[in-house]
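Trainee: Quick one: structure below, then a few questions.
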Amino acid sequence: MIINSINNCCYYFQGAVNIGYVNSGENGLLIDAGIDKATMKKVLKILKENELPVTYLFITHAHADHYGGAAYLQNTENIYTFAPAIEAAILRNPLLEPLYLFQGNMPLPEMRNKFLEGEPIVVDEEVAEGYHAFGDKKFQCIALPGHSINQFGVIIDEVLYAADAYFSEEQLHKHKIPFIIDAKATLNSLNLIKTIECVGALPGHGQYETAFQETVEANITYHLEILDSIQSIIDEQKEEGISHENVISLVCEKWLVELKNISMWMLFRTAITSYVTYLVSEEKVELFISNNKLRIKSK
Ligand SMILES: [Zn+2]
């Protein structure tokens with residue numbers, strides 16, 4: 001892991017999940033905390049080597065790969081933690097993530113892994129959209145929901161730390177179907193990011209870019225392609241519709257996704273259902289129950 005500098009106070013640790021860092025004199029703010037203790041240990045080691053302080057933490061959204069290292073950070077340093085509302089509730093009660101992914105059922109032990117559930121953390125302040133400060137350094141919070149219920153991006157010194165509101169093109173193709181819980185909110189957030197005036201942006205997975213608008217546009221195109229492919233799968237079964245289970249299976253087949261375990265099934269079932277509910281809100285498809293099964297047909 002290395003620390004990259006963006007300007008004279010904004011940095012990021014590049015890894016499987018990027019971690020932002022902003023220095024302001026005696027204070028330092030980490031934006032997200034990586035997946036686990038080992039990641040956070042590396043971050044703290046590099047900060048110490050560079051004599052950079054860490055006093056604040058901002059968690060953008062309650063996905064374990066972004067906050068799993070936070071408990072270790074809070075246990076070893078004196079940290080004041082910010083998080084958006086709702087995400088904060090999950091950060092304090094991380095069982096909620098595998099619980100909602102398993103449709104509200106108590107998850108089985110195999111679903112309670114470090115990718116889906118981190119250790120609970122303390123959130124000192126639930127932040128709303130707008131301006132806040134760590135020490136005397138101002139930052140702006142902007143709601144970027146869609147990938148999670150109330151994900152926030154952070155703008156500091158004209159740098160947007162965008163969390164998982166968009167992905168690098170490489171990441172999009174790697175995941176094939178990106179994780180989202182609300183396709184409409186995802187598209188709205190992407191359109192909003194395009195209008196933000198800043199010198200560059202860093203996604204949670206990918207590289208810092210000054211011409212980030214092109215990557216954001218590629219994300220929009222990619223989501224629309226997935227929506228089209230799902231619509232055509234549903235259209236093919238016009239008369240009797242298609243079961244929700246079969247939609248998941250056919251969409252995975254079409255996008256070459258192989259569900260290798262129940263955790264993957266939970267994530268992809270959620271993402272694909274998000275696109276389906278977008279089509280419902282556009283009045284292009286409808287959900288109904290037949291023979292005790294959830295089915296989908298085009299309108
Ligand atoms: Zn995420």
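Trainee: Just subtract the alpha-carbon distance of PHE288 and TRP255 from 0.36 nm times their residue separation and send over the number in nm, one decimal.
Mentor: Result for the pair: 9.4 nm of gain on full extension.
Trainee: With +1 on the Cβ of every Lys and Arg and -1 on the Cβ of every Asp and Glu, and nothing else charged, how large is the dipole of the chain about its Cα centre, in debye rounded to the nearest 20?
Mentor: 640 debye
Trainee: In whole angstrom, how long is each semi-axis of the equivalent ellipsoid of the stretch 223-298, when you take the square root of 5 times every eigenvalue of its Cα gyration tensor and sort them from largest down?
Mentor: 19, 15, 11
Trainee: Starting from the amide H of LEU294, placed 1.01 Å from N in the peptide plane, find each other amide H under 5 Å away whose residue is 5 or more places distant or on another chain.
Mentor: Here the answer is HIS244, since their amide H atoms fall under 5 Å of that of LEU294.
Trainee: Over 31 Å between Cα atoms, which of LYS48/LYS260; LYS42/LYS137; LYS42/LYS174; LYS260/LYS293; LYS137/LYS174 qualify?
Mentor: Check vs 31 Å cut-off fails for LYS48/LYS260; LYS137/LYS174.
Trainee: 7 Å from Cα along Cα→Cβ at both LYS41 and ALA211: what's the point-to-point distance in nm?
Mentor: For LYS41 paired with ALA211, the spin-label model returns 4.1 nm.
Trainee: How many times 2.2 N^0.38 Å is the alpha carbon radius of gyration of the stretch 147-224?
Mentor: Scaled against compact globular proteins, the figure is 0.98.
Trainee: Sticking with this one: Determine the calculated [θ] at 222 nm for the chain from helices alone, applying -39500 (n - 2.57) to every DSSP H run no shorter than 4 residues and normalising by the residue count; nearest 500 deg cm²/dmol.
Mentor: -11500 deg cm²/dmol
Trainee: Sort HIS205, HIS66, HIS175 so that the residue with the fewest other Cβ atoms within 10 Å of its own Cβ comes first and the one with the most comes last.
Mentor: So the ranking, lowest neighbour count to highest, is HIS175, HIS205, HIS66.
Trainee: With unit charges on the beta carbons (Lys and Arg positive, Asp and Glu negative) and the dipole taken about the Cα centre of the chain, which residue among THR195, ILE46, ALA64 sits farthest to the positive side?
Mentor: Towards the positive end, the residue furthest out is ALA64.
Trainee: Next question. The stretch 32-53 to the stretch 272-299: how many Å between their Cα centroids?
Mentor: 45 Å
Trainee: Once you put a point 7 Å from the Cα of ASN50 and another 7 Å from the Cα of ASN4, both along the Cβ direction, what distance in nm separates them?
Mentor: Result for the modelled spin labels: 1.2 nm.
Trainee: When the chain is modelled as a GNM with alpha-carbon springs shorter than 10 Å, which of GLN103, GLN207, GLN14 fluctuates the most?
Mentor: GLN103
Trainee: May I ask you to compute the full-extension gain from GLN14 to GLU169, defined as 0.36 nm times their residue separation minus their alpha-carbon distance, rounded to one decimal in nm?
Mentor: 54.2 nm is the gain from fully extending GLN14 to GLU169.
Trainee: So how strong a dipole does the stretch 223-298 carry about its Cα centre when Lys and Arg Cβ are +1 and Asp and Glu Cβ are -1, to the nearest 20 debye?
Mentor: Approximately 300 debye in magnitude.
Trainee: Here's a follow-up. Per residue, what volume in Å³ does the Cα convex hull of the stretch 131-281 take up?
Mentor: Normalising the Cα hull of the stretch 131-281 by residue number yields 114 Å³.
Trainee: Just order 151-159, 179-187, 257-265, 222-230 by mean Cβ neighbour count inside 10 Å, highest at the front, would you?
Mentor: 151-159, 179-187, 222-230, 257-265
Trainee: In addition: Label-point separation (nm) for LYS299 and THR195, each offset 7 Å from Cα along Cα-to-Cβ?
Mentor: 2.6 nm
Trainee: Also, quick follow-up: Taking the Cβ of LEU294 as the centre, find all other residues whose Cβ is under 15 Å away and add up their charges (Lys, Arg: +1; Asp, Glu: -1).
Mentor: Every neighbour counted, the sum reads +1.
Trainee: Give the residue from THR270, TRP255, VAL285 lying farthest towards the positive end of the charge dipole for the stretch 223-298; charges sit on Cβ (+1 for Lys and Arg, -1 for Asp and Glu) and the dipole is referred to the Cα centre.
Mentor: With unit charges placed on the Cβ atoms, the residue in question is THR270.
Trainee: Using only Cα atoms, tell me the angle between helix 183-195 and the longest principal axis of the chain; keep it within 0 to 90° and round to the nearest 10.
Mentor: 40 degrees
Trainee: Taking 0.36 nm per residue of sequence separation and subtracting the Cα-Cα distance, how much length would be gained by fully extending the chain between GLU129 and LEU224, in nm to one decimal?
Mentor: 31.4 nm
Trainee: Grab the eigenvalues of the alpha-carbon gyration tensor for the chain, scale each by 5, take roots, and send me the semi-axes largest first in whole angstrom.
Mentor: 36, 21, 16
Trainee: For a 21 Å ceiling on Cα separation, which of these pairs sit above it: LYS114/LYS254; LYS184/LYS299; LYS184/LYS238; LYS45/LYS138; LYS37/LYS138; LYS41/LYS138?
Mentor: Check vs 21 Å cut-off fails for LYS114/LYS254; LYS184/LYS238; LYS45/LYS138; LYS37/LYS138; LYS41/LYS138.
Trainee: Using the Kirkwood radius over Cα pairs, work out the Stokes-Einstein diffusion coefficient for the stretch 3-165 at 25 °C and 0.890 mPa s, in µm²/s as a whole number.
Mentor: The diffusion coefficient I find is 156 µm²/s.
Trainee: Mind checking the angle between helix 37-49 and the chain's longest principal axis? C-alpha axes, 0 to 90 degrees, to the nearest 10.
Mentor: 30 degrees
Every number in this text was worked out from the coordinates using simple rules, so none of it is lab data. Everything numeric here is computed off the predicted structure, so don't read it as measured data. Cβ coordinates were reconstructed from backbone atoms using ideal geometry, including for glycine residues, and neighbour counts include every protein chain displayed.
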